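Here's the structure, in structure tokens; my notes come after.
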Amino acid sequence: MAIKKVGVVGGGLMGSGIAQTAAQAGYDVLLAEVSQELLDRGMGRINGAWDMLTKKGRITEEQAGEYRGRIRGTLDMRDFADRDLVIEAIIENMDEKKKLFSALDGIVPAGAIIASNTSSLPIIEMASVTARQENIAGLHFFNPAPVMKLVEIVRTIATSDETTEALREFAQSLGKTPIIAKDTAGFVVNFLLIPYMLSAVRMYENGLATMDDIDTGMKLGCGYPMGPFELLDYVGLDTTLYAAEAIYHEYPDPAYAPPTLLRRMVQAGRYGMKTGKGFREYAEKR
């Protein structure tokens with residue numbers, strides 16, 4: 001099951017980062033979006049990253065040109081008819097993901113792999129609308145995808161050994177370290193990380209310590225590079241809330257129940273760095 005041509009659906013932060021990483025690793029990459037505006041934004045993010053790397057001397061102009069030659073965008077899902085692997089990186093909404101998986105199942109070649117970059121939603125539910133459940137798996141990258149070294153390969157009860165091994169080899173070819181997780185909410189990292197961040201919110205919400213002291217305590221006391229509130233703003237409060245809800249739905253343990261403060265901040269549109277306001281305020285949106 002050799003992977004040579006890669007498709008990515010969704011040109012947001014994660015999708016564009018995955019597409020960039022695959023192009024840098026030598027793959028023929030096709031990035032799809034639902035509108036020209038969103039596609040231009042995604043491609044602009046990728047080209048901007050290569051411009052920055054060139055200016056910093058991390059890559060040469062020739063390398064940047066080679067990378068750009070390996071990637072193109074499309075608004076037509078039928079262009080995925082020659083892809084060996086398609087990675088879904090759209091919004092964390094199961095209905096939308098199932099619609100996409102069903103459509104891709106009728107487009108990509110028999111034997112091609114369809115993977116989801118979801119951080120917490122059940123992969124088998126997406127696979128259920130296809131006729132290739134053995135070729136469906138999770139392929140969870142971490143933000144920023146070109147930098148973070150970990151990839152979670154999520155194996156469902158139907159995923160074949162061949163699919164799992166092909167994804168392992170693919171992840172390694174990108175310079176990543178893959179780990180295998182079962183198809184349970186939160187997989188490995190978020191299953192452990194989400195309750196940690198929620199506990200920090202509850203501690204602050206109950207007036208037990210300040211945000212600064214909680215962040216400093218975890219950085220200096222546990223050696224973490226970022227405190228929980230720094231991490232929440234970086235990951236996104238909305239993303240954290242969605243992940244917590246998904247895990248709590250499957251494991252109704254109070255540790256996974258989203259705190260009221262987190263819900264209210266998301267309702268207020270305070271998502272973190274990407275909106276300029278989260279638990280802290282930022283000079284500009286990122």
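Computed from the coordinates by the stated procedures, all read-outs in this text should not be read as laboratory data. Everything numeric here is computed off the predicted structure, so don't read it as measured data. Methodologically, a virtual Cβ is constructed for each residue, glycine included, from the backbone with ideal geometry; neighbour enumeration extends over all protein chains shown.
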- line: Projected onto the charge dipole of the chain (unit charges on the beta-carbon of Lys, Arg, Asp and Glu, signs +1, +1, -1, -1), the Cα from H140, M14, I123 with the largest positive-side position is that of M14
statement: Under the 7 Å Cα-to-Cβ spin-label approximation, S199 and E250 lie apart by a distance in nanometres of 2.1 nm
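Evaluate the charge dipole of the chain about its Cα centre and quote only its size in Debye, nearest 20, assuming +1 on the Cβ of each Lys and Arg and -1 on the Cβ of each Asp and Glu.
On the way: 31 positive and 37 negative charges, 106 e Å.
Here the size comes out at about 500 debye.
Cβ under 12 Å from Y242's Cβ, Y242 left aside: what net charge do those residues give with Lys, Arg +1 and Asp, Glu -1? Write down the numbers at each step before the final one.
Values: positive: R263; negative: E92, D238, E245.
For residues surrounding Y242, the net value is -2.
Apply 1/(1 + (r/R0)^6) to the Cβ-Cβ distance of R263 and A103, taking R0 = 35 Å, and write down the FRET efficiency to the nearest 0.05.
Numbers: r = 33 Å, r/R0 = 0.94.
Efficiency for this residue pair is about 0.60.
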query: Using a simple spin-label model with points 7 Å from Cα along the Cα→Cβ vector, what separation in nm is obtained for Q172 and Y282?
result: 3.5 nm
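Using R₀ = 25 Å, calculate the FRET efficiency as 1/(1 + (r/R₀)^6) where r is the Cβ-Cβ separation of R78 and D40; round to 0.05. Provide the component values of the computation, followed by the final result.
Numbers: r = 20 Å, r/R0 = 0.82.
Calculated transfer efficiency: 0.75.
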- prompt: With a sphere of radius 13 Å drawn around the Cβ of K4, what net charge do the other residues whose Cβ falls strictly inside it have (Lys, Arg +1; Asp, Glu -1)?
  reply: -1
statement: When the charge dipole of the chain is computed with +1 on Lys and Arg Cβ and -1 on Asp and Glu Cβ about the Cα centre, the Cα farthest towards its positive end, among P259, T275, L174, belongs to T275
- request: Once you have the Cα-Cα distance between N93 and T54, take 0.36 nm times their residue separation minus that, and quote the gain in nm to one decimal.
  value: 10.4 nm
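Report the charge-dipole magnitude of the range 190-275 in Debye, nearest 20, computed about the Cα centre from +1 at each Lys and Arg Cβ and -1 at each Asp and Glu Cβ. Let's see the in-between values first.
Details: 6 positive and 10 negative charges, 31 e Å.
Here the range 190-275 has a charge dipole of around 160 debye.
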message: What does the C-alpha gyration tensor say about the overall shape of the range 5-182? Classify as rounded when a/c is under 1.5, otherwise prolate if a/b is larger than b/c, or oblate.
response: prolate
- line: For A181, the net charge from surrounding residues (Cβ-Cβ under 15 Å; K, R +1; D, E -1) works out to +1
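Which of the three applies to the range 34-92, rounded, prolate or oblate, going by the alpha-carbon gyration tensor with a ≥ b ≥ c and a/c under 1.5 meaning rounded? Each step should come with its number before you reach the end.
Working: a/c = 2.40, a/b = 1.76, b/c = 1.37.
Cα axes put the range 34-92 in the prolate bin.
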field: Cα shape, the range 202-286, gyration tensor, a/c 1.5 rule
entry: oblate
- request: Excluding residues on the same chain fewer than 8 positions from K4, give the lysines whose Cα lies under 22 Å from its Cα.
  value: K149, K176
message: Which residue, P225, G236, T210, has the largest displacement toward the positive end of the dipole of the range 190-275 when charges sit on each Cβ (Lys, Arg +1; Asp, Glu -1)?
response: G236
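222 nm [θ] for the chain, helices only, -39500 (n - 2.57) per DSSP H run of 4+, per residue, to 500? Working shown, then result.
Numbers: 11 runs with 130 residues, N = 286.
So the helix-based figure for the chain works out to -14000 deg cm²/dmol.
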